[in-house]
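The values are calculated or read from the model by the stated rules, or taken from the named source; none is laboratory data. Predicted model, so just to flag it, every value in this text is computed and none were measured. Backbone-built Cβ (ideal geometry, glycine too); neighbour counts: all protein chains shown. All accessible areas refer to the heavy atoms of the entire protein, side chains included, with ligands and DNA or RNA removed. Shrake-Rupley method; radii C 1.70, N 1.55, O 1.52, S 1.80 Å.
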Amino acid sequence: MNAAKRWKSLLAGAALSCAFIYGCHGATTGWETITTTFAKTQKPYGGGAFRIRDNRVISLKLAEQPITFKPRGEQKSPGVAEPTEAWMNDSSERLNRRSVVFLKGTLTGELARTFEQPGQDAAWWYSDDWRRIFVSTGWMDYKAPKPNGLAPQFTKLWHSSDGGQQLGAIALAGGPRDRATDVSRPTARLCRRMGSPRMAYCRRWAITARNQSASACRRCGKALKDL
């Protein structure tokens, strides 16, 4: 009787093992390797947002400046890694040097970097045929003084009508083309409908409030003298 139970236990264990192995095999074979060289020529290497259509690829990513280290003989403390330049050991400096990069190319070939601008944040929009592309970049100075804990932010909007081959800055209302504007200047009076005073908000309304020739805020209609 004990021998029969033992055999039943062994057979049950074998069945469970086979089911587990089959399940793992089925779960892994659902993936297929397309390429092992995707964007490897773009340094520093790293992931980002991308879209694939047939063999074509477009991608938007944040890139950091490469960090290098001194040879062992130049280290102050032997055996302790030391960056080549002082800024490489400063997180604020590294953030300030981040950039927004747009890439286009093919899966089986190279990706070309057609756009690069300073920024720690980015978003994009593209038409169904990928001809029209909009990219917004946001950058702030992490080394600048922060009165009241607030820091200036710079935002730009870029547009391409040739699939990302060339991207140009869009002139926002009230400002010159290809020029970032600091909306946190003390002279900017904030519209009360914006709620608590924030340093970064829609540049269009900030410019209106700063324009001495304007008599009212375009957003809420309040007279500037009452804001």
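Check the straight Cα-Cα distances from residue 146 and name the aspartates and glutamates below 12 Å, setting aside those fewer than 8 residues away within the same chain.
Here the aspartates and glutamates satisfying the reach criterion relative to residue 146 do not exist.
Using θ = phi - 60° and the Karplus curve 6.51 cos²θ - 1.76 cosθ + 1.60, what whole-Hz ³J(HN,Hα) does each residue of segment 110-119 get, with Gly and Pro shown as x?
Result, ordered by residue: 8, 9, 9, 8, 9, 7, 7, 9, x, x Hz.
Step through the table entries 70/104; 43/143; 40/76, compare each Cα-Cα distance with 29 Å, and write down the pairs that go over it. Each step should come with its number before you reach the end.
Details: 70/104 34 Å; 43/143 25 Å; 40/76 33 Å.
Over 29 Å Cα-Cα: 70/104; 40/76.
Please give me, ordered by residue number, the trypsin sites (Lys or Arg not before Pro) of segment 28-103 that lie in loop per DSSP and have at most 11 other Cβ atoms within 10 Å. Kindly include the intermediate steps, with their values, before the conclusion.
On the way: sites: 40, 51, 53, 56, 61, 72, 76, 94, 97, 98; in loops: 40, 76, 97, 98.
For trypsin sites (Lys or Arg not before Pro) across segment 28-103 that sit outside H, G, I, E and B with at most 11 neighbouring Cβ atoms in 10 Å, the list reads 40, 76.
What's the FRET efficiency of residue 92 with residue 162 using the Cβ-Cβ distance as r and R₀ = 41 Å, to the nearest 0.05?
Numbers: r = 36 Å, r/R0 = 0.89.
About 0.65, to the nearest 0.05.
What does the net charge come to around residue 137 if you take all other residues with beta carbon closer than 9 Å to its beta carbon, with K and R at +1 and D and E at -1?
Values: positive: 156; negative: 121.
Here the charged neighbours net out to 0.
Which far-off residues, 5 or more places away or on another chain, put their amide H under 5 Å from the one on residue 82, with H placed in the peptide plane?
70
Which shape class applies to segment 62-153: rounded if a/c is under 1.5, otherwise prolate when a/b exceeds b/c and oblate if not, where a ≥ b ≥ c are the square roots of the Cα gyration tensor eigenvalues?
On the way: a/c = 4.98, a/b = 1.44, b/c = 3.46.
It is oblate, given that a/c is not under 1.5 and a/b is not larger than b/c.
What ranking of 93, 110, 116, 32 comes out by heavy-atom accessible area, probe 1.4 Å, highest first?
Values: 93 45, 110 120, 116 80, 32 145 Å².
Putting 93, 110, 116, 32 in descending order of accessible area: 32, 110, 116, 93.
Per residue of segment 88-96, in order, report the coupling 6.51 cos²θ - 1.76 cosθ + 1.60 (Karplus, θ = phi - 60°) as ³J(HN,Hα) in whole Hz, putting x for Gly and Pro.
Karplus values, whole Hz, x for Gly and Pro: 5, 9, 10, 4, 5, 5, 5, 5, 5.
Could you pull out every one of the aspartates and glutamates with an alpha carbon less than 12 Å from that of residue 156, ignoring same-chain neighbours closer than 8 positions?
Partners within reach: 121, 178, 182.
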